[in-house]
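Single-structure report; data block below.
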């Protein structure tokens, strides 16, 4: 009996592994910096490295290595990766910075103000360019390592 194709889908597996590695790195670096475990780091957005960038670059690289870098599938994955990484450093980064300012304004409101008890907005939404770059490198390395492992196992 053969295994389901998604369990042997090299690009999909590389993307999941790159995401998991990036989130794990955030979890451990958060502990190193703050000397406390923060389980939210395993699923949260923002931080170093960008798990979004690592996921989409791993996917695009794996598709390129498996199917060739000249095909339409690789082109689609590459464009998707570029959009995700651009968005992480653009809209999402600035939305997080705006949330930080708004939270400070709400914090300084008098207690009787109707918004004084508002729940704080999430501030860590986007990524700085170095975080996106590190995520991209992680994705490429993950796919290349996976490709090497597959090729040596044949």
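The values are calculated or read from the model by the stated rules, or taken from the named source; none is laboratory data. Note that this is a predicted model, so its numbers are computed, not measured. Virtual Cβ from ideal backbone geometry, glycine too; neighbours counted across all protein chains shown.
Couple of notes before you dig in:
- Top-ranked residue in segment 104-143 [being within 27 Å of the chain's Cα centre (by Cα) and either more than 30 Å from residue 86 (Cα to Cα) or at pLDDT below 70 (or both); ranked as surrounded by the most Cβ atoms within 10 Å (Cβ to Cβ)]: 126
- Residue count for segment 14-35, restricted to those that are touching a helix residue (DSSP H, G or I) at 6+ places or on another chain (Cβ under 7 Å) and touching a residue at least 24 places away in the same chain (Cβ under 8 Å): 9
- Selection status of residue 76, at pLDDT 75 or above, out of contact with any strand residue (DSSP E or B) (no Cβ under 7 Å at 6 or more places or on another chain) and farther than 26 Å from residue 149 by Cα: no
- Boolean, residue 12 is at pLDDT 90 or above, surrounded by fewer than 21 Cβ atoms within 10 Å (Cβ to Cβ) and under 14 Å from residue 144 (Cα atoms): yes
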